[in-house]
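Below is one structure, written out as structure tokens; comments come after it.
The values are calculated or read from the model by the stated rules, or taken from the named source; none is laboratory data. Computed from a predicted structure; not experimentally measured. Methodologically, a virtual Cβ is constructed for each residue, glycine included, from the backbone with ideal geometry; neighbour enumeration extends over all protein chains shown. For accessibility, only protein heavy atoms count, side chains too; no ligands or nucleic acids. Shrake-Rupley method; radii C 1.70, N 1.55, O 1.52, S 1.80 Å.
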Amino acid sequence: MEILYKSTRGGETGVTASQAILKGLAQDGGLFVPDRIPALDVPMETLARMSYQEVAYEVMSRFFTDYTAEELKECIARAYDGKFDTEEIAPLTKAGEIYFLELFHGATIAFKDMALSILPHLLTTAAKKNHVENEIVILTATSGDTGKAAMAGFADVPGTRILVFYPKDGVSPVQEKQMVTQKGENTCVVAIRGNFDDAQTGVKKIFSDKKFAEELAKSGFQFSSANSINIGRLIPQVVYYVYAYAALVRNGEIKNGESVNVTVPTGNFGNILAAFYAKQMGLPIGKLICASNENKVLVDFFRTGIYDRNRPFILTSSPSMDILISSNLERLLYWLAGQSPEKTKACMEGLQKDGRYQIDDAMRERLKDFYGDYADEEETASEIASMYRNTGYVLDTHTAVAASVYEKYRKETGDMTPVILASTASPYKFTRSVLHAIDAEKYDSLGDFEQMDALSEISSTEIPRAIEEIRTAPVRHTAVCDVDQMEQAVKNFLAI
Ligand SMILES: *Cc1c(COP(=O)(O)O)cnc(C)c1O
């Protein structure tokens, strides 16, 4: 049966999956949600015998019903290939009592690769299906990670170009090296003199410039965005929860039908929402444990029903979770509100106007599958150290936040249900913080690449290809511009 998409704010309905992927955001500013969550009507015994790609097809074909089987299989095959450094794509590793679902084996060794590997293919297929003749131009401002993951996904995908702006002095040396060495004839990286907000504002301005869009269309281009609210990024994330559960059944770790809990280090609320969708599909998930760092807006929301972004923004060692507005939460709100666009809109207007909103008791009642807590910087570091001491397994900072919160949850509730914990970045991505937590005296004085070698040695793991490559890769992008020259930079790149 066909699944159609509608806006959480009521302004659009009856949109096909491919149209929703092309549009990204709905016209009324809402997010696209499926009109119902399809059932996972494949026997677990069957899923347990499948490869990652086969499970991906079973899950995605239930949601993206206007893609043909051939189209979807092609997208999946192109996404989950040799870019990943393991055939399993998303392997599970047990350390202590926790099953770590490693989502960091892709091109940029963090979890955004899981969705950004496939989004370009879903997008170009959607363009073909909807007779869009223009070439798609992705424009992104990045504080470091997302831009790189998007470029890695879009590099050399026919029919697309990608331009990434980053703040010249606002990213780490490793992040900068990763970006300026990006390969692909259709990629472009420009540093701007300004901070991340300046870059973000500049991109938004270009996006909303109607005259510029017309100029672009005349030359055969149109903008699209790869940001995390695109439904084409959310649904591919449902896959790995199903795959992980099936793997636990296959390996005899759990019985088919047995409940598992899921713990997710959370920022924009995309990853944990995908787990919630998996549960709605029928996957036996008990609690969804939402872990925050010191920017604990979500923890307060789960505890009080009040979402309030009016608070200081704290820089932590888990920067990808330093977020005060979790944009994907709007999709959960819509569900909590019994699919009421009015209620959802009221919340979002409150957020826009006052930076806060409060949900009613009926909505709060439906939140009971979720548990939220946070780990501060000290707890995060001590989790990395103790996990390493006790098991030899090295966690990245984001994953450590989640592990620390999970330990608190277990102490508080005594709930011994097996747990899958989303491991969102390789420790090699945040080597300095990780080694500082393990032995500051010994490692702090080492240079970036010496630290990588040290990490390799103590964790008995190979340095990922993504890191090896940037040691030697030539610099391909050297452009720097002022904020008011961003539009010109786009024109230069597209030669218009
Ligand atoms: C983006 C990111 C997160 C947060 O994921 P959301 O889907 O935004 O909640 C957590 N950890 C890492 C390493 C990330 O890159």
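Here r is the Cβ-Cβ distance between Ile306 and Glu214 and R0 is 41 Å; the resulting FRET efficiency, rounded to 0.05, is 0.40. Applying 0.36 nm per residue to the separation of Ser382 and Lys168 and subtracting their alpha-carbon distance, the gain on full extension is 73.8 nm.
Among the GluC sites (Glu not before Pro) within region 356-423, not one is in coil by DSSP while having at most 15 neighbouring Cβ atoms inside 10 Å.
Can you pull out the GluC sites (Glu not before Pro) in region 90-145 whose DSSP state is coil and whose Cβ has at most 14 other Cβ atoms within 10 Å? Don't skip to the end; give the middle numbers.
Numbers: sites: Glu97, Glu102, Glu133, Glu135; in loops: Glu97, Glu133.
Those that pass, being in a loop and sparsely packed, are Glu97, Glu133.
Of the GluC sites (Glu not before Pro) in region 1-78, which ones lie in a loop per DSSP and count no more than 14 other C-beta atoms within 10 Å? Answer in residue order: Glu2. Calculated accessible area for region 238-290 comes out at 24 Å² per residue, all protein chains present (probe 1.4 Å; ligands, DNA, RNA ignored). Along the charge dipole of the chain, which of Leu351, Leu298, Gly11 sits closest to the positive end, that is, farthest toward it, with unit charges on the beta carbon of Lys, Arg, Asp and Glu (+1, +1, -1, -1)? It is Gly11, whose Cα lies furthest towards the positive end.
How would the chain be classified by its alpha-carbon gyration tensor: rounded, prolate or oblate, with rounded meaning a/c under 1.5 and the a/b versus b/c comparison settling the rest? Rounded, since a/c falls under 1.5. Projected onto the charge dipole of the chain (+1 at Lys/Arg Cβ, -1 at Asp/Glu Cβ, origin at the Cα centre), which of Thr181, Val401, Tyr243 gives the Cα projection farthest towards the positive end? Farthest along the dipole direction, towards plus: Tyr243. Whole angstrom only: what separates the Cα centroid of region 1-77 from the Cα centroid of region 152-190? Distance between centres, Cα-based: 28 Å. Taking the Cα of Phe313, stepping 7 Å toward and past its beta carbon, and measuring to each backbone N in region 152-169: which are under 13 Å? What the label zone holds, given the 13 Å backbone N cut-off, is 167. Pairs from the list Lys6/Lys129; Lys183/Lys442; Lys94/Lys429; Lys129/Lys429; Lys6/Lys128; Lys177/Lys211 with a Cα-Cα gap above 27 Å: Lys183/Lys442; Lys129/Lys429; Lys177/Lys211. Site pair Thr417 and Asn390 shows an inter-label distance of 2.1 nm when each label is modelled 7 Å from Cα along Cα→Cβ. For region 46-85, the dipole from Cβ point charges (+1 on Lys and Arg, -1 on Asp and Glu) about the Cα centre works out to 140 debye, to the nearest 20. The calculated FRET efficiency for the pair Ile463 and Arg356, based on their C-beta separation and a Förster distance of 51 Å, comes to about 0.70.
Taking the Cα centre as origin and putting +1 on Lys and Arg beta-carbons and -1 on Asp and Glu beta-carbons, what dipole magnitude results for region 79-135, to the nearest 20 debye? Show your work: numbers first, answer last.
Working: 5 positive and 9 negative charges, 42 e Å.
Roughly 200 debye for region 79-135.
Mean residue ellipticity, 222 nm, helices only, the chain: the sum of -39500 (n - 2.57) across DSSP H runs of n ≥ 4, divided by residue count and rounded to 500, is -14000 deg cm²/dmol.
Restricting to the chain, what percent of DSSP beta bridges are antiparallel, rounded to 5? If I count the DSSP bridges inside the chain, around 25 percent turn out antiparallel. If the segment from Arg36 to Asp322 were pulled out straight at 0.36 nm per residue, it would be longer than the present Cα-Cα gap by 99.8 nm.
With charges only on Cβ, +1 for K and R and -1 for D and E, what is the dipole size of the chain about its Cα centre, in debye, rounded to 20?
1040 debye
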